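The values are calculated or read from the model by the stated rules, or taken from the named source; none is laboratory data. From a predicted model like this one, the values you see are computed outputs, not experimental measurements. Positions of Cβ are backbone-derived with ideal geometry, glycine not excepted, and every protein chain shown enters the neighbour counts.
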Amino acid sequence: MIKINLPVSEADVRKLKMGDEVSLNGIMLTGRDSAHTWLLNDKPTEVRDLLKGSVIYHCGPVVKKVNDEWHFVAAGPTTSIREEPYQGSVIKEYGIRGVMGKGGMGEKTLKALGENGSVYLHAVGGAATLQGQAVKKVHGVIKLEEFGVPEALWIIEVEDFQAVVTMDSHGNSLHKEIKEASDKIANELIGI
Amino acid sequence: MSFKLDVDRFRDAVAELIRKASTQLPVDVMKGMETARDNEEKGSPAKSVLDYMIKNADAAKENSTPICQDTGTNIYFITIPEGVSLRKIESAIAEATRKATEKAYLRPNAVDSVTGKNSGDNTGVMAPYYHYEEWDEPTIKVELMLKGGGCENVSDQYKLPDGRLKADRNLDGVYKCIIDSINKAQGLGCAPGVAGIGIGGDRASGMVIAKKQLFRKLDDTNSDAELSKLENRLHTDLNKLGIGPMGFGGLATVLGVKVGAAHRLPASFFVSLAYSCWADRRCTMNYTESEVSYD
């Protein structure tokens, strides 16, 4: 398990290889569908410092407000591939060092990871209670009213948030490898 | 004798049904996950991912928090005795849904498709949504499924024949569609999943049949011998694909395959796949005038 403190440098991220297990610590931002189009179209300034050198987490959490303070109750990853049209540009524009979600991403993002020195981190889907427990503090939330709870950008502090590097900055993608192998088997079973 | 529905009591019973569905993985699914974990190679990513999932399900049950943050589309299959008011049932369920959202058993998940505005309480047009049947028992049976978006997005529908797959209008054609579809899905639907399959019907009813299959226990046996054979064949062969838990590679790509069929038009032959993620959250409530039980 490789411990990563956020924000992280490009040099440290370039050391990461496909298959590495990492433990994230520090402040990151959640952002999914509405967030990505907003980040690209409106180029908001208030998120720049938060995203630089940090991780954008594809997650729409279950939250609870206790004594005026937000808490993450459940916070697993959502499917990342929906952000494929936008992710590469978002990485470049904001200097993001890690994209975390589930299911992996495509060629465009893989290329952007290499060009910008960033990685794709895979968190286990549906393991939201444990992942919610790794979120120690909610520092704030952006666009809550407009985007709603799942799609707002939550500023969170995590401790020992575990994920696996499934796409690295050297052109390797576990998702591509598994798909190529399973395509062959599927075609054999189908007889095409 | 007509069934007397105490709306407040029914609402509270449904609120508990929602809590259980969101926070407790069904016993048969848990057993399937444990078997899958034990089968994976020692030290493999597949084994550790399954182990993490199982730990999470245990923690969710213990803390009474959602297994997955995507608490999904809330789909109800309701069986009622003669004369029970559907409007009363629906308003009680809507109220229970708002309450469960407030208590963070459900994430606010109902978004207005035109304005993009989240209703904030999981109610809205066709949210939640209901299917009804009637029976002679003095019991209201409420089956609830929390169907996550990731696995709904990889759910699929084919029409036979399919030239690309060389799939004809028969059960072998159905087999080919499902192999193709689960392979396309890779880990995106949070494998190892459960494949609910509907053969026939129209585009809507075929998918309802498929979704209904997801209420069957993983270890049950299809009463139709042909469909049972198809289920076993698909279960074995899908697990040869090597996709594995979350698409990390491994032996467990599906936990189960369940197939149902409906009559179709001579012109149509649909194959519908309702894919459920491993966090296959479903719970059944049997509600009588004096008792409530959950399974």
Any chance residue B:168 is within 24 Å of residue A:176 (Cα to Cα), more than 9 Å from chain A (Cβ to nearest Cβ) and not small (Gly, Ala, Ser): no
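For the structure I just gave you, tell me whether residue A:68 is charged (D, E, K, R), in contact with a strand residue (DSSP E or B) (Cβ under 9 Å, 6 or more places away or on another chain) and surrounded by fewer than 24 Cβ atoms within 10 Å (Cβ to Cβ). Can you show your working first?
Values: charged (D, E, K, R): yes; in contact with a strand residue (DSSP E or B) (Cβ under 9 Å, 6 or more places away or on another chain): no; surrounded by fewer than 24 Cβ atoms within 10 Å (Cβ to Cβ): yes.
No, not satisfied.
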Selected residue [facing chain B (nearest Cβ under 8 Å) and of a type in the set (D, E, K, R)] from A:180, A:145, A:151: A:151
The stretch B:182-206, residues that are within 14 Å of residue B:235 (Cα to Cα) and either acidic (Asp, Glu) or surrounded by fewer than 24 Cβ atoms within 10 Å (Cβ to Cβ) (or both): B:183
Matching residues in the stretch B:36-67 - criterion: being within 7 Å of another protein chain (Cβ to nearest Cβ), polar (S, T, N, Q) and surrounded by fewer than 18 Cβ atoms within 10 Å (Cβ to Cβ): B:63
Residue pairs meeting the criteria (Cβ under 7 Å; at least 6 apart or on separate chains; first farther than 24 Å from residue B:68 by Cβ, in the stretch B:2-20; second of a type in the set (A, V, I, L, M)): B:3/B:84; B:5/B:84; B:7/B:92; B:10/B:92; B:11/B:92; B:11/B:96
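Quick check on residue B:268: is it surrounded by fewer than 22 Cβ atoms within 10 Å (Cβ to Cβ) and not in a loop (DSSP other than H, G, I, E, B)? Even if it seems obvious, please write down each step before you answer.
On the way: surrounded by fewer than 22 Cβ atoms within 10 Å (Cβ to Cβ): yes; not in a loop (DSSP other than H, G, I, E, B): no.
So residue B:268 fails the test.
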Hits in the stretch A:97-134 (condition: surrounded by fewer than 17 Cβ atoms within 10 Å (Cβ to Cβ) and either within 13 Å of chain B (Cβ to nearest Cβ) or acidic (Asp, Glu) (or both)): A:107, A:115
Count of residues meeting criterion [in contact with a helix residue (DSSP H, G or I) (Cβ under 9 Å, 6 or more places away or on another chain), aliphatic (A, V, I, L, M) and in contact (Cβ under 8 Å) with a residue 40 or more places away in the chain] in the stretch A:162-189: 4
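Return the residues of the stretch B:62-113 that are assigned to a helix (DSSP H, G or I), small (Gly, Ala, Ser) and free of Cβ contacts under 8 Å to residues at least 60 places away in the same chain; say none if nothing qualifies.
So in the stretch B:62-113, the residues assigned to a helix (DSSP H, G or I) come out as B:62-63, B:86-102.
Restricting the remaining residues to those that are small (Gly, Ala, Ser) gives B:91-92, B:94, B:96, B:100.
B:94 - this is the single residue of the stretch B:62-113 that is assigned to a helix (DSSP H, G or I), small (Gly, Ala, Ser) and free of Cβ contacts under 8 Å to residues at least 60 places away in the same chain.
Can you pull out the residues in the stretch A:135-145 that are of a type outside the set (Lys, Arg), touching a residue at least 40 places away in the same chain (Cβ under 8 Å) and surrounded by fewer than 22 Cβ atoms within 10 Å (Cβ to Cβ)?
Within the stretch A:135-145, the subset of a type outside the set (Lys, Arg) is A:135, A:138-142, A:144-145.
Retained after the next criterion (residues that are touching a residue at least 40 places away in the same chain (Cβ under 8 Å)): A:135, A:138-139, A:141-142.
Scanning the stretch A:135-145 gives A:138, A:139, A:141, A:142.
Residue-by-condition table, conditions (1) part of a loop (DSSP other than H, G, I, E, B); (2) under 10 Å from the mean Cα position of the chain (by Cα); (3) free of Cβ contacts under 8 Å to residues at least 12 places away in the same chain:
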position	(1), (2), (3)
A:84	no, no, no
A:92	no, no, no
A:99	no, yes, no
A:105	yes, no, no
A:109	no, no, no
A:113	no, no, no
A:121	no, yes, no
A:132	no, no, no
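Can we say residue A:34 is surrounded by fewer than 22 Cβ atoms within 10 Å (Cβ to Cβ) and either more than 14 Å from chain B (Cβ to nearest Cβ) or in contact with a helix residue (DSSP H, G or I) (Cβ under 6 Å, 6 or more places away or on another chain) (or both)? First the steps, then the outcome.
Numbers: surrounded by fewer than 22 Cβ atoms within 10 Å (Cβ to Cβ): yes; either more than 14 Å from chain B (Cβ to nearest Cβ) or in contact with a helix residue (DSSP H, G or I) (Cβ under 6 Å, 6 or more places away or on another chain) (or both): yes.
In short, yes.
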Test: residue in the stretch A:157-173 that is more than 12 Å from chain B (Cβ to nearest Cβ), crowded, with 17+ Cβ neighbours inside 10 Å and among the β-branched types (Val, Ile, Thr): yes
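Find the residue count for the stretch A:61-91, including only residues that are farther than 14 Å from residue A:138 by Cβ and either of a type in the set (A, V, I, L, M, F, W, C) or within 14 Å of chain B (Cβ to nearest Cβ) (or both). Lay out the reasoning, then the answer.
Keep residues of the stretch A:61-91 that are farther than 14 Å from residue A:138 by Cβ, which gives A:76-91.
Keeping just the survivors that are either of a type in the set (A, V, I, L, M, F, W, C) or within 14 Å of chain B (Cβ to nearest Cβ) (or both) gives A:76-84, A:90-91.
Summing the residues that are farther than 14 Å from residue A:138 by Cβ and either of a type in the set (A, V, I, L, M, F, W, C) or within 14 Å of chain B (Cβ to nearest Cβ) (or both) in the stretch A:61-91 gives 11.
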Among (1) in contact with an Asp or Glu (Cβ under 6 Å, 6 or more places away or on another chain); (2) free of Cβ contacts under 8 Å to residues at least 12 places away in the same chain; (3) not basic (Lys, Arg) - the single one residue B:223 does not satisfy: (1)
Scan of the stretch A:134-172 for residues that are hydrophobic (A, V, I, L, M, F, W, C) and part of a helix (DSSP H, G or I), ordered by number: A:144, A:147
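Going by the structure shown, is residue B:166 surrounded by fewer than 21 Cβ atoms within 10 Å (Cβ to Cβ), over 19 Å from residue B:232 (Cα atoms), in the same structural domain as residue B:249 (by TED's automatic domain parsing) and touching an Asp or Glu at 6+ places or on another chain (Cβ under 8 Å)? Outline the logic, then answer.
On the way: surrounded by fewer than 21 Cβ atoms within 10 Å (Cβ to Cβ): yes; over 19 Å from residue B:232 (Cα atoms): yes; in the same structural domain as residue B:249 (by TED's automatic domain parsing): yes; touching an Asp or Glu at 6+ places or on another chain (Cβ under 8 Å): no.
When the stated conditions are applied, residue B:166 does not pass them.
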Number of positions in the stretch B:161-217 that are assigned to a loop (DSSP other than H, G, I, E, B) and either in contact (Cβ under 8 Å) with a residue 12 or more places away in the chain or in contact with a strand residue (DSSP E or B) (Cβ under 9 Å, 6 or more places away or on another chain) (or both): 18
Criterion violated by residue B:15 - all others in (1) aliphatic (A, V, I, L, M); (2) outside any helix (DSSP H, G or I); (3) more than 22 Å from residue A:130 (Cα to Cα) satisfied: (2)
